[in-house]
Amino acid sequence: MDSIYSQIVPEDVLLEIRISEYLMRKARYVATEEIRKEFNLSGFYTRKIIRTLEQDIKEYNNSGFAIDVSLRGVKLEVPIGRDLKSFFIYILEPAPRLKIIEYVLHNKFKTIAHYALENHISEATARRHLREVRSILKPISIGIASKTFEFTGEEGQIRMFLLVFYWKINRGLYWPFTTVSEKKVEMIVNNFKKHSFFKKLSLLEKKRVMFLFAICQLRINSGNRMNYEHIPETSQNYANLKRVIKAANIMSEIKEEEVYFAYLVFKGLGLFANMEEEIAFEVAHSQPAGLATNYAINKMRILPLDDKAAVALFSSHSFANILNHFLCDLDGEDYSLAFTNYFPNLKAHLERFFDLAYKETQLALFKEKSFLTIQYTMLLADLPQRLALERKITIYLETTLPQSAENLIAKQIKIYFQTKYHLIFVSPADVFKKMEIDIVLTTIPLSDYQQIYSNAEIIAINKELHASDYEKIEKVLQSFLKR
């Protein structure tokens, strides 16, 4: 979805978003030249984006948000307890390709001429935007009909795309479904807490379920209903969910297929209180997500996976069983670049694992390797066994500080990078044994280091580590993983 999102959002808006995120992280005056180099832009284009960002922040006019552009550089101020997501919603609103999707969802796209007139663009431009959106959606098997301008494709895929896409854009901060009452849907979802068979929903989970029901309602209202040739045997959770949906009148037309779709999504989101029993039910009835979870846990017995990990795997398999070529997680995020940068060996291991899993189980869900790689990596990212797969990088720290202070610096660096890199700090004794050193960290960068450690990267750091020290270290660590 992130790749779809980046194609739907105009390039200049996407750059404005990324530059504003960069400025927020830096929390200081950032020189225009630094921005230009960071994003590999021309000087003219960099200044253009900065001017647009400055104008948009001022027009946004939200308390606490401020931007200063001066000879010192650019500084963006964001209130504590807030981030830039609401600002992003504001600047994304006029995005033309996003507007196409909005019109199609709300059944407002009648003709090319009507759409062009309402949006003050030429018919040629409207056709171009529509053609671009069709091209972007094609890889996930979704189209837009030529005469009716409705979404075409498998209905479950369309709904999941809309759920992930609108969540990616709005994050629950803004209600984008103008023809569905937010208050009514919220009241319905609030009633879930009365039933013990649902887990206690967090605020974000509640918002996501609200988005789900709103999208289902919009699709039903436009005449698009779920259709399954066969509904397999379901657990008691299905009967419970069906009873709640019918009693609350969540959807205007309740059919078994609609309840079953909601049941599948609830399993994927892990919203039932007894998810362990749901797994056991699927295993006992030879259903795909349960079988895949059982297979994965048996294959990964050496890892310390608890019941929560099993539920996470089951949720991932539940979604993989109903999605088609999704390249993102359920937040619409594509972590492929991060995985390539930080977990290249784990990514390769997982892809081989999914190939083997499909060969041994014939479960089609294991073909959704891009989606499952994200889910598995996030599950395994915090396990020490995961780092053992990645390249080992040896670091020698040499300072004139007391040993206790030097140990503290080493500990701070280990903690900061512990989930990203396989770091080994070596002692002076190891150095004297001619152990190969990758990086030398020192508070006094003597020229002699270059001769003694000719194959190592020498990094000068402060006695009290600053953000700039971590940035320098990470830049070098990244270079090692790419070798």
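The conditions are (1) part of a loop (DSSP other than H, G, I, E, B); (2) without any contact (Cβ under 8 Å) to a residue 60 or more places away in the chain; (3) hydrophobic (A, V, I, L, M, F, W, C), and residue 239 fails exactly one of them. Which is it?
Single failed check for residue 239: (1).
Taking the condition of being in a loop (DSSP other than H, G, I, E, B) and surrounded by fewer than 12 Cβ atoms within 10 Å (Cβ to Cβ), how many residues in the range 180-210 meet it?
Number of matching residues: 3.
Which number in (1) in contact (Cβ under 8 Å) with a residue 60 or more places away in the chain; (2) open to solvent by less than 30 Å² (accessible area, probe 1.4 Å); (3) closer than 20 Å to residue 319 by Cα; (4) in a helix (DSSP H, G or I) marks the one condition that residue 226 misses?
The single condition residue 226 does not satisfy is (4).
Looking at the range 409-468 only, could you name the residues that are more than 28 Å from residue 389 (Cβ to Cβ), hydroxyl-bearing (Ser, Thr, Tyr) and over 40 Å from the mean Cα position of the chain (by Cα)?
Answer for the range 409-468, where residues must be more than 28 Å from residue 389 (Cβ to Cβ), hydroxyl-bearing (Ser, Thr, Tyr) and over 40 Å from the mean Cα position of the chain (by Cα): 447, 449, 454.
Would you mention how many residues in the range 314-335 are among the hydrophobic types (A, V, I, L, M, F, W, C) and either open to solvent by 40 Å² or more (accessible area, probe 1.4 Å) or farther than 16 Å from residue 264 by Cβ (or both)?
2
I'd like the full set of residues that are of a type outside the set (Val, Ile, Thr) and loosely packed, with under 15 Cβ neighbours inside 10 Å, limited to the range 392-409.
392, 401, 402, 403, 404, 405, 407, 408
So which residues in the range 72-94 are under 21 Å from the mean Cα position of the chain (by Cα), among the basic types (Lys, Arg) and in a loop (DSSP other than H, G, I, E, B)?
82 - this is the single residue of the range 72-94 that is under 21 Å from the mean Cα position of the chain (by Cα), among the basic types (Lys, Arg) and in a loop (DSSP other than H, G, I, E, B).
Which residues, counting only those in the range 430-483, are at pLDDT below 85 and touching a Pro at 6+ places or on another chain (Cβ under 7 Å)?
481 - this is the single residue of the range 430-483 that is at pLDDT below 85 and touching a Pro at 6+ places or on another chain (Cβ under 7 Å).
Working only within the range 270-291, note down all residues that are under 17 Å from residue 308 (Cβ atoms), in a helix (DSSP H, G or I) and open to solvent by less than 40 Å² (accessible area, probe 1.4 Å).
275, 278, 279, 289, 290
Within the range 276-304, take every residue that is in contact (Cβ under 8 Å) with a residue 60 or more places away in the chain, among the hydrophobic types (A, V, I, L, M, F, W, C) and out of contact with any Gly (no Cβ under 9 Å at 6 or more places or on another chain) and give me the one that is farthest from residue 369 (Cα to Cα).
302
Taking the criterion of being touching a strand residue (DSSP E or B) at 6+ places or on another chain (Cβ under 9 Å) and open to solvent by 40 Å² or more (accessible area, probe 1.4 Å), would at least one residue in the range 368-386 satisfy it?
no
Picking from 161, 177, which residue would you name as being open to solvent by less than 50 Å² (accessible area, probe 1.4 Å) and part of a loop (DSSP other than H, G, I, E, B)?
177
Take residue 14 and tell me if it is under 22 Å from the mean Cα position of the chain (by Cα) and in contact (Cβ under 8 Å) with a residue 24 or more places away in the chain.
No: the conditions fail for residue 14.
Would you mind telling me which numbered condition in (1) touching a residue at least 24 places away in the same chain (Cβ under 8 Å); (2) in a loop (DSSP other than H, G, I, E, B); (3) within 23 Å of the chain's Cα centre (by Cα) residue 97 fails?
Here residue 97 clears every test but (2).
Could you please tell me which pairs satisfy a Cβ distance under 6 Å, a separation of 6+ or placement on different chains, a first residue in the range 438-451 that is in contact (Cβ under 8 Å) with a residue 40 or more places away in the chain and over 15 Å from residue 464 (Cβ atoms), and a second residue that is of a type in the set (D, E, K, R) and not in a helix (DSSP H, G or I)?
Listed by first residue and then by second, the contacts come to 439/457.
Quick one: residue 49 ticks every box in (1) farther than 18 Å from residue 91 by Cβ; (2) modelled with pLDDT of 95 or more; (3) not in a strand (DSSP E or B) bar one, so which box is it?
That leaves (1) as the condition not met.
Please tell me if residue 359 is farther than 30 Å from residue 440 by Cα and under 20 Å from the mean Cα position of the chain (by Cα).
No.
Residue-by-condition table, conditions (1) surrounded by 18 or more Cβ atoms within 10 Å (Cβ to Cβ); (2) modelled with pLDDT of 95 or more; (3) more than 15 Å from residue 13 (Cβ to Cβ):
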{"residue": "58", "(1), (2), (3)": "no, no, yes"}
{"residue": "64", "(1), (2), (3)": "no, no, yes"}
{"residue": "71", "(1), (2), (3)": "no, no, yes"}
{"residue": "74", "(1), (2), (3)": "yes, yes, yes"}
{"residue": "79", "(1), (2), (3)": "no, no, yes"}
{"residue": "82", "(1), (2), (3)": "no, no, yes"}
{"residue": "89", "(1), (2), (3)": "no, no, no"}
{"residue": "134", "(1), (2), (3)": "no, yes, yes"}
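The values are calculated or read from the model by the stated rules, or taken from the named source; none is laboratory data. The structure displayed is predicted, hence computed values, not measured ones. With ideal geometry, Cβ positions are generated from the backbone for all residues, glycine too; neighbour counts draw on all protein chains shown. Note: areas computed on protein heavy atoms with side chains; ligands, DNA, RNA excluded. Shrake-Rupley method; radii C 1.70, N 1.55, O 1.52, S 1.80 Å.
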